[in-house]
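The structure appears right after this line, and notes come after that.
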Amino acid sequence: MRRDVLGPAFKMLARVSRVQAQLTQSWDVLATMTPSEYSAFRDQLGRASGFQSYQYRMLEFLIGNKNAAMIEVHRRDPAVHGWLGRALRSPSLYDECLRLLGRRGYAIPATSLERDWSEPYAASEGVAAAWLHVYRNAEEHWDLYELAEKLVDLDHQFQLWRFSHLKTVERIIGYKRGTGGTGGVSYLAKALELRFFPELWTVRTSM
């Protein structure tokens, strides 16, 4: 398969979108739990939290939300810590998409093509300009246009999952602190501000 043939990737991303929808629906079941029902076992959780899910952390790293501090909780498991460390230091899905744009002739800034992959991605006006050109010339660059929309689908579904998480937590424990030591609802609300692919959202205002 040629490196830049996107059809198989589109099929996979469509499947991911369906999986995301099912995960979001799972909050509907959890939201039926009343505060008293949750309080009956909450103390037994101790400081256990979602931070301890290495699979979730891997997912965020692969998509593009890099934060080196998040792997420290896994240091006691050398295999998992090493696995996450490699993902942290590797290009994310979005990084690879920007490399693709560069190979297609778009003037992607060098700082977006080669950088410290373990650092969070910073939005770029040059990247935004490239995506804007793709959107304004969709018929000429249809596969890139479809790629952009698949990425937006992924980001959108992730936001719906986060919002459902927040509202379920708010409904069950209100504004108590989270078991992992976070601010609970306030922490989850802050997470809603994250965009994996920021230029694909700002470009909509520019069109």
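The values are calculated or read from the model by the stated rules, or taken from the named source; none is laboratory data. Everything numeric in this text was worked out from a predicted model, so none of it was measured. Glycine also receives a Cβ, built like all others from the backbone with ideal geometry; neighbour counts cover every protein chain displayed.
Okay, here's what the table says:
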{"quantity": "Members of region 138-149 found to be touching a residue at least 12 places away in the same chain (Cβ under 8 Å), part of a helix (DSSP H, G or I) and either more than 20 Å from the chain's Cα centre (by Cα) or buried (at least 19 other Cβ atoms within 10 Å of the Cβ) (or both), listed by number", "calculated": "Asp143, Leu144, Leu147, Ala148"}
{"quantity": "Residue list for region 12-37, restricted to those being polar (S, T, N, Q), within 20 Å of the chain's Cα centre (by Cα) and exposed (fewer than 11 other Cβ atoms within 10 Å of the Cβ)", "calculated": "Gln22"}
{"quantity": "Residue within region 47-67 that is crowded, with 18+ Cβ neighbours inside 10 Å, on the phi > 0 side of the Ramachandran plot, touching a helix residue (DSSP H, G or I) at 6+ places or on another chain (Cβ under 7 Å) and not aromatic (Phe, Trp, Tyr) present", "calculated": "yes"}
{"quantity": "Single residue of region 158-207 satisfying the filter (within 28 Å of Gly126 (Cα to Cα) and polar (S, T, N, Q)) that is nearest to the chain's Cα centre (by Cα)", "calculated": "Gln159"}
{"quantity": "Of all residues making up region 155-195, the number that are in contact (Cβ under 8 Å) with a residue 40 or more places away in the chain, surrounded by 16 or more Cβ atoms within 10 Å (Cβ to Cβ), outside any helix (DSSP H, G or I) and not polar (S, T, N, Q)", "calculated": "3"}
{"quantity": "Residue identified as on the phi < 0 side of the Ramachandran plot, surrounded by 11 or more Cβ atoms within 10 Å (Cβ to Cβ) and free of Cβ contacts under 8 Å to residues at least 40 places away in the same chain among Ala107, Ala79, Ala9", "calculated": "Ala107"}
{"quantity": "Boolean, Trp201 is at pLDDT 95 or above, in contact with a Lys or Arg (Cβ under 6 Å, 6 or more places away or on another chain), under 19 Å from Leu101 (Cα atoms) and not acidic (Asp, Glu)", "calculated": "yes"}
{"quantity": "Selection within region 68-122 - under 17 Å from Ala148 (Cβ atoms), part of a helix (DSSP H, G or I) and charged (D, E, K, R)", "calculated": "Asp95, Glu96, Arg99, Arg103"}
{"quantity": "Residue satisfying condition, being under 29 Å from Ile71 (Cβ atoms), at pLDDT below 95 and touching a His at 6+ places or on another chain (Cβ under 6 Å), within set Tyr54, Tyr38", "calculated": "Tyr54"}
